[in-house]
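A.B. asks: Got a structure for you, written out below as C-alpha cells; questions coming shortly.
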Amino acid sequence: MRILLSTIGQRGYIARYFRAELPPHGSVIGTGNTEHTPGFRSCDSALVVPDITDPDYPDRVLKIVESERVDAMLTLSDTDLGRISSFRSDVEALGAAAFFPDQRQAEISLDKLKTHDFLVESGFRTPATTDDPAEALRWGPPLIVKPRSGSASLDTFLARTTEEIRFFMGYRADMIAQEFVDGAEYNVEVCGDLAGRPIRACVWRKHESRRGETALAETVDSDEALTTGLELAGRLGIPGPIDIDLILAEGRPAVLEVNARFGGGYPTSHMAGANFVRAIVDLTGGSTVEADFGYERGVVMMKELHPFAHRVGS
C-alpha cells in the first residue's frame, strides 16, 4: 500500500503515523516544492514538485499518482487543497482513494463567506459575517476581522474600536468582518469514509498555538460540540479528515470555520485513540470501517522543536 501525502511541509509526524499503521512493504510518499522540506525526513520517498500555482502542477501530481502506483492521497495544505480538489476525479480514475474534498466542498471550506452561507442554509448557528466595510462599521466593535481566504490564523485581528475596524478591513483586499462571540472555543476533528460518512471523531480545546499551529491542547468531554461536529461533517460529506472550529456560548455551539484536511492539532486526537490514520489505511485496503466516536478524555498534547541537519544534495 502506497500513501501520497501532498505538500507535507513540516508535518512529518503524519508520515510517521501512517508508516506505523501500514502493512508490510507499505510506504509513504511526500511531496513539496523544495528538497529542504522538513517532512521529507519522515517519508519513505520524497518528490519535489512545481509550485502549487504552476500550470504544470496538476499534471505532475497525476503522473506521480500513476507512476508510483499510489493507493490513497491526502493533502496537508489549504492552498494545495484548493488546487487538487479541481482534479479529484482524475486521481480516482487512476485508482487512488482520494481522502480530500471535491471542488464544491473545498470552496465551502476555503472561502469563509461561503462557509458562513453554507452554515446558515444548513441550519447551523454561526457568527454574522460580511465583506462590506460599511456594514462592519454599522455593526460596531468588537469584531473579528480576517482574510476571506486566510489560513493558519494569519492576519486575523480583534477590532475593539471603530478605528480598528476601518483599519483592519483595509489591511488586505479580501478582509471580512465576523461578529465576536464570547465563549469557550473547541475543536472537533472528524474523519469521513470514502462516502463522506463520519467514522471517527474527537473534541479538544486549544491552549496554545504558534504561527497558527496548535502547540498545546487537551481532549475534553462536550456532547454539544461533538454532536454539532458530527452533524456538520455528515452534511458536508467530505472523505478523510476535517477540523471544525466552534465556540460554546451559553451552552449553544456556534461554528466558526471548517478546515477540510488534517489540522495542526491532529496529534491530540491520535494520541487520545481517535486514530484517523488507521481508519484511512483500512478503508484504502478495502475493509469496512464502522463508526466509533470514542476517545480518551484528559489527554494533553504538546509539541517540541526538533532540529536536524540535512546535507545539500543528499
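A.B. asks: What per residue convex hull volume, in Å³, comes out for the chain when only alpha-carbon positions are used?
C.D. replies: On the way: hull volume 43.6 nm³, N = 314.
Normalising the Cα hull of the chain by residue number yields 139 Å³.
A.B. asks: Based on the mean of other beta carbon atoms within 10 Å per residue, what is the order of 16-22, 208-214, 142-148, most packed first?
C.D. replies: On the way: 16-22: 18.1, 208-214: 13.7, 142-148: 20.4.
So the peptides 16-22, 208-214, 142-148, ranked by packing, come out 142-148, 16-22, 208-214.
A.B. asks: Just how large is the dipole of region 217-314 about the Cα centre, in debye to the nearest 20, putting +1 at every Lys and Arg Cβ and -1 at every Asp and Glu Cβ?
C.D. replies: On the way: 7 positive and 14 negative charges, 107 e Å.
Around 520 debye, computed over region 217-314.
A.B. asks: Per-residue ellipticity at 222 nm for the chain, helices alone: DSSP H runs ≥ 4 residues times -39500 (n - 2.57), over residue total, nearest 500 deg cm²/dmol?
C.D. replies: On the way: 11 runs with 96 residues, N = 314.
The per-residue figure over the chain is -8500 deg cm²/dmol.
A.B. asks: Given the convex hull over the Cα atoms of region 2-98, what projected area results after averaging over all orientations, in nm²?
C.D. replies: Working: hull surface 22.0 nm².
About 5.5 nm², averaged over all directions.
A.B. asks: Can you give me the Cα centroid spacing of region 124-154 and region 168-211 in angstrom?
C.D. replies: 14 Å
A.B. asks: Turning to a different aspect of this structure: Please compute the contact order of the chain in relative form: average sequence separation of alpha-carbon pairs under 8 Å and at least six residues apart, divided by the residue count, as a percent.
C.D. replies: Numbers: 666 pairs, mean separation 47.7, N = 314.
It comes to 15 percent, rounded to a whole number.
A.B. asks: What does the convex hull of the Cα atoms of region 182-302 come to per residue, in Å³, rounded to a whole number?
C.D. replies: Details: hull volume 11.1 nm³, N = 121.
Normalising the Cα hull of region 182-302 by residue number yields 92 Å³.
A.B. asks: Let me ask something additional. Place the peptides 291-299, 33-41, 254-262 in order of packing, highest mean first, counting for every residue the other Cβ atoms within 10 Å and averaging per peptide.
C.D. replies: Numbers: 291-299: 14.1, 33-41: 16.0, 254-262: 23.1.
Packing order, densest peptide first, comes out as 254-262, 33-41, 291-299.
A.B. asks: So how many Lys-Lys pairs in the chain land under 22 Å Cα to Cα, not counting same-chain pairs under 8 apart?
C.D. replies: Values: LYS112/LYS146; LYS112/LYS206; LYS114/LYS146; LYS146/LYS206; LYS206/LYS303.
Lysine pairs, 8 or more places apart or on different chains, close enough: 5.
Readers should treat all values here as calculations from the given coordinates under stated rules, not as data from a laboratory. Note that the coordinates shown come from a computational prediction; the quantities given were computed from them, not determined experimentally. So basically every Cβ, Gly included, is an ideal-geometry build from the backbone, and we count neighbours across all protein chains shown.
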